[in-house]
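A.B. asks: Before I ask anything, let me first share the structure, which is written out below as structure tokens.
The values are calculated or read from the model by the stated rules, or taken from the named source; none is laboratory data. This is a predicted model, so every value here is computed, not measured. Backbone-built Cβ (ideal geometry, glycine too); neighbour counts: all protein chains shown.
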Amino acid sequence: MQRADLAATVRAHLPAVVVALSAGAAAVAGSYAAAGFTPAYVVAPVDSVVTRYVPGAFVTVAVLLLGDLGEQLSLLSATALAVVLLGSLAGLGRAIAREAGVGPLAGPFAGVPVWAAATVLTGRPVLALGAGLAALFVVSIASIAGRVGTDDVGAADRRRVVGSAASLAGLGIAGWLLGSRRGTLDASGAAAEPAGAGEVSVATQQALAEASEKSFDVDGLEPLVGEEFYVVDVSSVHPQTATDEWSLSITGAVGDETTFDYEDVTRREPVREFSTLRCVGEQLNGKKTDTALWTGVRVGDLLAAADVPDRCCVMAHGEDGFFEEFPVAALREALLVYRTNGKPLPRDHGAPARLIVPGHWGEIHVKWVTELEILDEPAEGYWEQKGWHGTGPANTVAKLYVNSDLDDGRKRVAGHAYAGTRGISRVEVSTDGGGATWNGVDLSEPLPGRSVWRQWKYEYDPPGGTHEVVVRATDGEGQLQPREASGPYPSGASGWVSKEVS
Ligand SMILES: Nc1nc2c(c(=O)[nH]1)N[C@H]1C(S)=C(S)[C@@H](COP(=O)(O)O)O[C@H]1N2
Ligand SMILES: [Mo]
């Protein structure tokens, strides 16, 4: 094709493409206006499909290494895909209407397939109207604008009018719909709170007070139980389930399936426990380890109530499509929790309820858990299918987060140490560069709990100039943290943390 021809072809089709993409953008915005940042928003299922089918290495980089940035990138590409997908359907509907000689009906011809696609994607026909109506509106505006041209206005001019009217309408709608949602965006972070959600029991208050008393008062060192808690998961749009819509089913290799609703779980005598989570994908001295006070029930009690026979394993499923497999023995000892640090479990951390499996890597602490599928045979979970080994006990680690100068010229280094249910018995620091001499450090008193981290701190007279500080932990079984260094993939980072200090 000659360049002039090509340019002419592009120019001829450009208005149609602009109308289609504007309709797509408006549809996505309309869906957001109707559904908010929930799984009923069309971008959410597109995002899950993207995360499901892109190669494991990409997901690993996006979810574990990039964290929030990865989530934004994934959300951005899913949004673009949704705009193109819904826009193509709108454009197709519009073309069919014009081809069939019913141009004035282009709006409905575009809106209906967009609505249908949004319904198929989200399973929510009523909320999908947000997408369908927005597309209908944009294409209708375009077809009205297309007919206002008189004969003395050239065809090309008319197309330009169509294109700009449609895109302005699309952008206008998108902006208006997004703006109308902004007010509720903050509030959408919290799931509907159960009655009495604000009350913090005396036992919880005492436990939290104990955690703050046992924490070192070291500048820059996160307390044993802090305000912040890392977030790692495979979905960009988190499930949002009201407590009265949530339930947990025990299925699979069981006699009869049993379902517990939120009431069934929360009317049981609550169990409170401090427990630390550590992500298998975190770097050696990473920040994806945190501790909280969890309130819930022992899963073993639910299994007993449901008469679950002795089986090897369980596949725990989350509302977001995530699934992880591990031994039933660990499940019996696990908690199903609905509160953290005295407050209702936040949406990002699995509301209404999640698993806490003390001592195991974070990934089997399934959030938004809805099903415990009992298995006869071992199987692979989401991350294991991508090559990880992250269902077992967490590795021992001592981290070095703080190094500061004290007023008297001495140095202070401090951090956290964690060894799953084995506990930490000793942390040592070497400041001589070669690791020839090791010094014991102060350890915070252990919190009550089967699997909790401890803080450590060490003060010393620094040798002149820059020197290397190395830290290592010994677990409660006398096992020294292995020296050999490895990255997180596939079984968790190992080695001793060391830092140049000047
Ligand atoms: N449903 C669901 N549960 C999940 C995940 C997920 O992607 N979906 N991520 C797991 C991983 S890899 C970790 S490390 C922990 C993190 O829990 P947090 O986000 O509350 O810190 O949740 C686990 N539970
Ligand atoms: Mo993780």
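A.B. asks: Working carefully through the options LEU14, LEU6, find the one that is touching a helix residue (DSSP H, G or I) at 6+ places or on another chain (Cβ under 7 Å) and surrounded by fewer than 19 Cβ atoms within 10 Å (Cβ to Cβ).
C.D. replies: Exactly one residue qualifies, and that residue is LEU14.
A.B. asks: Could you list, in sequence order, all residues of the stretch 449-478 that are over 14 Å from VAL501 (Cβ atoms) and of a type outside the set (D, E, K, R)?
C.D. replies: Hits for the stretch 449-478 are GLY449, SER451, VAL452, TRP453, GLN455, TRP456, ALA473, THR474, GLY476, GLY478.
A.B. asks: Considering each of SER404, SER430, SER425 in turn, give the residue that is among the hydroxyl-bearing types (Ser, Thr, Tyr), crowded, with 18+ Cβ neighbours inside 10 Å and out of contact with any Pro (no Cβ under 9 Å at 6 or more places or on another chain).
C.D. replies: Going through SER404, SER430, SER425 in turn, the sole match is SER430.
A.B. asks: Within the stretch 382-404, how many residues turn out to be more than 16 Å from ligand 2 (Cβ to nearest atom) and either assigned to a loop (DSSP other than H, G, I, E, B) or within 20 Å of TYR418 (Cβ to Cβ) (or both)?
C.D. replies: Total meeting the criteria: 7.
A.B. asks: For a quick check of your reading: which helices (runs of 4 or more DSSP H) sit entirely within the stretch 1-77 and have at least 3 residues that are at pLDDT 90 or above?
C.D. replies: Once the helices (runs of 4 or more DSSP H) in the stretch 1-77 are filtered for at least 3 residues that are at pLDDT 90 or above, what remains is 3-35, 43-53.
A.B. asks: Taking the condition in a loop (DSSP other than H, G, I, E, B), free of Cβ contacts under 8 Å to residues at least 60 places away in the same chain and not polar (S, T, N, Q), does PRO448 pass?
C.D. replies: no
A.B. asks: Among the candidates THR370, THR276, THR291, single out the residue that is within 12 Å of ligand 1 (Cβ to nearest atom), within 15 Å of VAL232 (Cβ to Cβ) and modelled with pLDDT of 95 or more.
C.D. replies: From the options THR370, THR276, THR291, the qualifying one is THR276.
A.B. asks: While we're here: ALA379 is checked against (1) within 30 Å of ALA57 (Cβ to Cβ); (2) outside any loop (DSSP other than H, G, I, E, B); (3) more than 16 Å from ligand 1 (Cβ to nearest atom) and fails just one. What number does that condition carry?
C.D. replies: Checking ALA379 against (1) within 30 Å of ALA57 (Cβ to Cβ); (2) outside any loop (DSSP other than H, G, I, E, B); (3) more than 16 Å from ligand 1 (Cβ to nearest atom), the one that fails is (2).
A.B. asks: Next question. Scan the stretch 337-346 for residues that are part of a strand (DSSP E or B) and more than 13 Å from ligand 1 (Cβ to nearest atom) and jot them down.
C.D. replies: TYR338, ARG339, LYS343, PRO344
A.B. asks: Looking at VAL19, is it of a type outside the set (Gly, Ala, Ser) and more than 19 Å from PHE109 (Cβ to Cβ)?
C.D. replies: Considered against the rule, which asks whether it is of a type outside the set (Gly, Ala, Ser) and more than 19 Å from PHE109 (Cβ to Cβ), VAL19 comes out as no.
A.B. asks: Still on this structure, I have one more. Out of all the residues in the stretch 254-267, which are farther than 20 Å from ARG347 by Cα, at pLDDT 95 or above and surrounded by fewer than 16 Cβ atoms within 10 Å (Cβ to Cβ)?
C.D. replies: Listed by number, the residues that qualify are GLU257, THR259, ASP264, ARG267.
A.B. asks: So which of ARG332, ARG311 is more than 16 Å from ligand 2 (Cβ to nearest atom), touching a helix residue (DSSP H, G or I) at 6+ places or on another chain (Cβ under 9 Å), within 24 Å of ALA419 (Cβ to Cβ) and not in a strand (DSSP E or B)?
C.D. replies: Checking each option against the conditions leaves just ARG332.
A.B. asks: Taking the conditions exactly as written (hydrophobic (A, V, I, L, M, F, W, C) and surrounded by 23 or more Cβ atoms within 10 Å (Cβ to Cβ)), does PHE274 satisfy them or not?
C.D. replies: yes
A.B. asks: If you go through the stretch 124-170 one residue at a time, how many are modelled with pLDDT under 75 and either part of a loop (DSSP other than H, G, I, E, B) or not hydrophobic (A, V, I, L, M, F, W, C) (or both)?
C.D. replies: Selection size over the stretch 124-170: 17.
A.B. asks: Also, I was wondering about something else. Scan the stretch 50-74 for residues that are touching a helix residue (DSSP H, G or I) at 6+ places or on another chain (Cβ under 6 Å) and more than 16 Å from ligand 2 (Cβ to nearest atom) and report the count.
C.D. replies: Qualifying residue count for the region: 2.
A.B. asks: If you scan the stretch 465-485, which residues turn out to be polar (S, T, N, Q) and in contact with an Asp or Glu (Cβ under 8 Å, 6 or more places away or on another chain)?
C.D. replies: Result: THR466, THR474, GLN481.
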